[in-house]
Each structure stands twice: as C-alpha cells, then as structure tokens.
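Inspection log for the structure reproduced underneath, given as structure tokens.
The values are calculated or read from the model by the stated rules, or taken from the named source; none is laboratory data. Everything quoted here is computed from the prediction, not taken from an experiment. For neighbour counting, all protein chains shown are included, and Cβ atoms are generated from backbone atoms with ideal geometry for every residue, glycine included.
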Amino acid sequence: MTVDTITSRLLSEHGRTYAQEAGITLRDKPAPLYQLLVLTVLCSVRINAGTATKAARELFRAGLRTPRAMADSAWQDRVDALGRAHYVRYDESTATALGDGARLVLERWRGDLRRMREQADDDPDALRGLLREVPRIGPVGADIFCREAQAVWPRLRPFFDDRACEVAKGLGLPHTPRGLGRSVPSEDHARLAAALVRVGLSKEAAKELQAA
C-alpha cells in the first residue's frame with residue numbers, strides 16, 4: 001500500500017482522538033483544555049485507555065469540568081466517580097492528584113491552560129516541562145496532552161511522540177514527526193497521532209493494515 005492509502009485508512013478506521021472518546025469537544029477555551037488535562041492525568045497510570053476515557057466521562061457527568069469545580073469537590077465524590085468507571089487500584093491516589101492539580105492550575109495559570117502555553121512560548125519542550133509539574137503527569141502524560149492539544153494549538157504541530165513514530169515505522173510510513181506531518185493535512189495531525197497509538201495497542205489492527 002502507498003503512504004496515502006495507509007494514512008487514509010488510519011484516519012478513517014482509527015482516527016478518533018482520545019478527547020473525542022472522552023466526550024470532550026476540544027476547543028481553545030479554558031474548560032475543554034482543562035478537561036483534556038484531566039484525561040491526561042487519568043491516562044498517566046498503567047490502565048486501559050478505554051477505562052481512562054470512561055472515568056473522564058464519569059467525572060464530567062458529575063459536573064467536574066473546570067478546575068474550580070474539581071478543586072471544590074469532595075475527595076469522596078471524585079473517588080466515587082472513578083469507581084463507577086471501574087478505575088480501580090488508582091482511584092484514591094488519582095482523586096487526590098486531580099484535586100491537587102486543579103488547585104495548581106488555579107494558582108499558577110488562573111484556571112486557564114492557555115496561560116501555560118503562553119508561558120512556554122508555544123515551545124513543545126517547554127510546554128512538556130510545565131505539564132510535568134501537574135501531579136501524576138510524567139513524560140508519557142505530557143506527550144499525551146500535546147498529541148491531543150495540537151488539534152487546537154497549531155504551533156505544536158507536527159507532534160508525534162516516540163510511540164506514534166515507532167508504530168508508523170512498523171507500518172512502512174515516514175517515522176519522524178516532520179515526515180508524518182507531511183503525510184496528512186496539518187488539521188489531521190492529532191487524529192493521525194491518535195490512530196497510530198490505537199493501532200500500536202491492537203495487534204489485530206496492526207496486522208490488518210500490514211496485510212492489506
């Protein structure tokens with residue numbers, strides 16, 4: 001298959017971002033950006049991505065969609081929301097991390113992660129460093145946030161982390177951020193990055209693409 005054929009299939013079959021799966025309508029606005037941060041925290045432990053997105057939906061359904069709402073919520077309410085999504089083993093520590101992280105966002109960036117981006121001067125490495133100051137978010141979590149946020153923060157593009165590039169190499173695609181960025185329109189970078197990660201997590205999906 002050609003590069004165009006593979007990328008087209010990736011986008012059509014696996015190109016749903018994790019923000020979309022979590023019910024986040026991502027925009028360059030404080031609330032959806034914070035919701036993406038919550039999802040990032042949930043994905044930053046060894047847990048199934050589907051469980052993490054379900055947990056995000058439960059938290060949002062409970063009204064915890066902004067840093068103020070999260071900071072003001074009771075710890076037990078956060079634990080209960082995570083429990084409804086079967087986010088086990090990490091529910092109590094994650095409930096604590098979410099509360100602490102919300103307070104940090106309020107104190108450092110006045111509840112608006114666009115101020116974090118401005119502080120980083122739109123530099124991906126600087127942004128990743130600031131993200132890692134949020135409780136529970138490490139290098140992998142910072143990559144998750146940037147992969148998704150590039151949908152609304154164009155100056156992050158093309159953001160394809162090592163995981164996405166490794167999968168791309170296995171599929172015979174360009175396997176550098178710049179090379180992958182040239183393979184699809186820039187507005188599809190976040191979707192392609194998500195698709196590559198999804199395929200990397202599914203041996204069956206990878207085999208289907210390689211066999212076609």
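Yes or no, residue by residue, for (1) crowded, with 19+ Cβ neighbours inside 10 Å; (2) out of contact with any Leu (no Cβ under 9 Å at 6 or more places or on another chain); (3) hydroxyl-bearing (Ser, Thr, Tyr):
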{"position": "Ala81", "(1), (2), (3)": "yes, no, no"}
{"position": "His86", "(1), (2), (3)": "no, yes, no"}
{"position": "Ala97", "(1), (2), (3)": "yes, yes, no"}
{"position": "Ala102", "(1), (2), (3)": "yes, no, no"}
{"position": "Ala120", "(1), (2), (3)": "no, no, no"}
Take the conditions of a type in the set (A, V, I, L, M), modelled with pLDDT of 95 or more, within 17 Å of the chain's Cα centre (by Cα) and over 21 Å from Leu201 (Cα atoms) and apply them to Leu33. Does it pass?
yes
Whichever residue in the range 16-43 is within 16 Å of Arg198 (Cα to Cα) and polar (S, T, N, Q) and, among such residues, is surrounded by the most Cβ atoms within 10 Å (Cβ to Cβ):
Thr40
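With respect to Leu106, is the statement that it is within 20 Å of the chain's Cα centre (by Cα) and surrounded by 14 or more Cβ atoms within 10 Å (Cβ to Cβ) true?
Working: within 20 Å of the chain's Cα centre (by Cα): no; surrounded by 14 or more Cβ atoms within 10 Å (Cβ to Cβ): yes.
No.
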Log entry, pairs with first residue in the range 4-31 being at positive phi, second being aliphatic (A, V, I, L, M), beta carbons closer than 9 Å, six or more apart or on different chains, reads Gly23/Ala56
Is it the case that the range 169-186 has a residue that's touching a helix residue (DSSP H, G or I) at 6+ places or on another chain (Cβ under 7 Å), outside any loop (DSSP other than H, G, I, E, B) and charged (D, E, K, R)?
no
Of the residues in the range 180-195 that are of a type in the set (A, V, I, L, M, F, W, C) and under 16 Å from Leu156 (Cβ atoms), the one that is surrounded by the most Cβ atoms within 10 Å (Cβ to Cβ) is Ala193
